[in-house]
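Presented below is the structure to which this report refers.
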Amino acid sequence: MGITLLENERLDELHRNGYFIIQNKEKFCFGMDAVLLSGFANVRRGERAIDLGTGTGIIPILLEAKTEGEHFTGVEIQAESVDMARRSVQYNHLENKINIEVGDIKDASGQFGASSFHVVTTNPPYMTGQHGLTNPNEAKAIARHEVLCCLEDVIRESARLLKPQGRFYMVHRPFRLVEIMVLMHQYGIEPKRMKMVHPFVDKEPNMVLLEGLRGGRPRITVEKPLIVYKEAGVYTDELYDIYGY
């Protein structure tokens, strides 16, 4: 179908099911972290999933392509991103499978109801006010820094949104791993699975993928690390598989 692209917008191929996504090069475009999270998360047949801070809807669209989930909801506070995400859903004829809603993560359970989803995914802002430089572009700053919500908001609301035994999936930075684990435990999401992501085999990890279970028993599986590059500019086979190339 035809779609209207606004100024600075582009239509990017996702290499999954023939899907495309609208992005604005002057705002915030999705990165590898979102793609890796979509490959790490699992939404089973008949399950409903919600993505907190969905941006332009990349994670719900990829999860619809990769999993057998029944329905996907994306929540985003920035109206421009919501508009782009909704047009991407329409372009890909996914209106019956994906809803994109304007919402504040801090009140997500109030908006959607407690214990209403089997799966929560999130690729939240990584940086606190003390970490890194705040981007002068407001959309990018909101995506990267804890401007409108903090890590505790994300984990608290995820716990409230999840059904008992529901699953929580997050991508974040390893330097905040202790804080993440403490908050998950505090709000009743037991860490169950973890995978470190290394840019090269001899470099320290720069991302961590986590799965938690609401009301789960203590026991975590640490999976073998994911290596991004074989050599400069050449992805590993695992990366190509996740991207769908």
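May I ask you to say which residue of Leu133, Leu148 is hydrophobic (A, V, I, L, M, F, W, C), closer than 15 Å to Gly55 by Cα and modelled with pLDDT under 95? Quick ask: steps written out before the conclusion?
Working: Leu133 fails: closer than 15 Å to Gly55 by Cα.
After ruling out the rest, the residue left standing is Leu148.
Take the conditions assigned to a loop (DSSP other than H, G, I, E, B) and either under 16 Å from Thr73 (Cα atoms) or in contact with a Pro (Cβ under 6 Å, 6 or more places away or on another chain) (or both) and apply them to Arg16. Does it pass? Can you show your working first?
On the way: assigned to a loop (DSSP other than H, G, I, E, B): yes; either under 16 Å from Thr73 (Cα atoms) or in contact with a Pro (Cβ under 6 Å, 6 or more places away or on another chain) (or both): no.
Spelling it out, it is not the case that Arg16 is assigned to a loop (DSSP other than H, G, I, E, B) and either under 16 Å from Thr73 (Cα atoms) or in contact with a Pro (Cβ under 6 Å, 6 or more places away or on another chain) (or both).
Please verify whether Leu52 is closer than 20 Å to Arg167 by Cβ and not aromatic (Phe, Trp, Tyr), treating the condition exactly as stated. Working first, answer last.
On the way: closer than 20 Å to Arg167 by Cβ: yes; not aromatic (Phe, Trp, Tyr): yes.
Spelling it out, Leu52 is indeed closer than 20 Å to Arg167 by Cβ and not aromatic (Phe, Trp, Tyr).
Please enumerate the residues belonging to the range 202-219 that are touching a helix residue (DSSP H, G or I) at 6+ places or on another chain (Cβ under 9 Å) and either among the hydrophobic types (A, V, I, L, M, F, W, C) or under 24 Å from Pro125 (Cα atoms) (or both).
Scanning the range 202-219 gives Glu204, Pro205, Asn206, Met207, Val208, Leu209, Leu210, Glu211, Gly212, Arg214.
Quick one: how many residues across the range 183-234 are among the aliphatic types (A, V, I, L, M), surrounded by 13 or more Cβ atoms within 10 Å (Cβ to Cβ) and not in a strand (DSSP E or B)? Can you show your working first?
Here is the first cut: in the range 183-234, the residues among the aliphatic types (A, V, I, L, M) are 183-184, 189, 194, 196-197, 201, 207-210, 213, 220, 222, 226-228, 232, 234.
Pick out the ones that are also surrounded by 13 or more Cβ atoms within 10 Å (Cβ to Cβ) and you get 183-184, 189, 194, 196-197, 207-210, 213, 220, 226-228.
Filter again for not in a strand (DSSP E or B), leaving 183-184, 220, 228.
Qualifying residue count for the region: 4.
Touching a residue at least 60 places away in the same chain (Cβ under 8 Å) and among the aliphatic types (A, V, I, L, M), is that true of Leu36?
Criteria met by Leu36.
For the structure I just gave you, tell me whether Ile22 is within 20 Å of Ile105 (Cα to Cα) and touching a Ser or Thr at 6+ places or on another chain (Cβ under 8 Å). Before you say what the answer is, go through the steps one by one.
Details: within 20 Å of Ile105 (Cα to Cα): no; touching a Ser or Thr at 6+ places or on another chain (Cβ under 8 Å): yes.
Answer is no for this residue.
Six or more apart or on different chains, Cβ under 7 Å: which pairs go from a residue in the range 97-125 that's within 16 Å of Ile59 (Cα to Cα) to one that's among the polar types (S, T, N, Q)? Could you list them?
Asn99/Thr73; Ile100/Thr54; Glu101/Thr73; Val120/Ser158; Thr122/Ser158
Among the listed residues Gly46, Gly69, Gly110, which satisfies the condition of being closer than 24 Å to Leu213 by Cα and assigned to a helix (DSSP H, G or I)? Talk me through it step by step, then tell me what you get.
Working: Gly46 fails: assigned to a helix (DSSP H, G or I); Gly69 fails: assigned to a helix (DSSP H, G or I).
Matching residue, one of Gly46, Gly69, Gly110: Gly110.
Can you find even one residue in the range 58-65 that is buried (at least 19 other Cβ atoms within 10 Å of the Cβ) and not in a helix (DSSP H, G or I)? Break it down stepwise before answering.
Looking only at the range 58-65, we keep the residues that are buried (at least 19 other Cβ atoms within 10 Å of the Cβ), and these are 58-64.
Narrowing further to those that are not in a helix (DSSP H, G or I): none.
Scanning the range 58-65, I find no residue that is buried (at least 19 other Cβ atoms within 10 Å of the Cβ) and not in a helix (DSSP H, G or I), so the answer is no.
If I filter the range 227-240 for residues that are within 21 Å of Pro60 (Cα to Cα), among the hydroxyl-bearing types (Ser, Thr, Tyr) and at pLDDT below 95, do I get at least one hit?
Within the range 227-240, one or more residues are within 21 Å of Pro60 (Cα to Cα), among the hydroxyl-bearing types (Ser, Thr, Tyr) and at pLDDT below 95.
The values are calculated or read from the model by the stated rules, or taken from the named source; none is laboratory data. For clarity, every value in this text was computed on a predicted model and none was experimentally measured. Don't worry about glycine lacking a Cβ; one is built from the backbone with ideal geometry, like all the others, and counts go over all protein chains shown.
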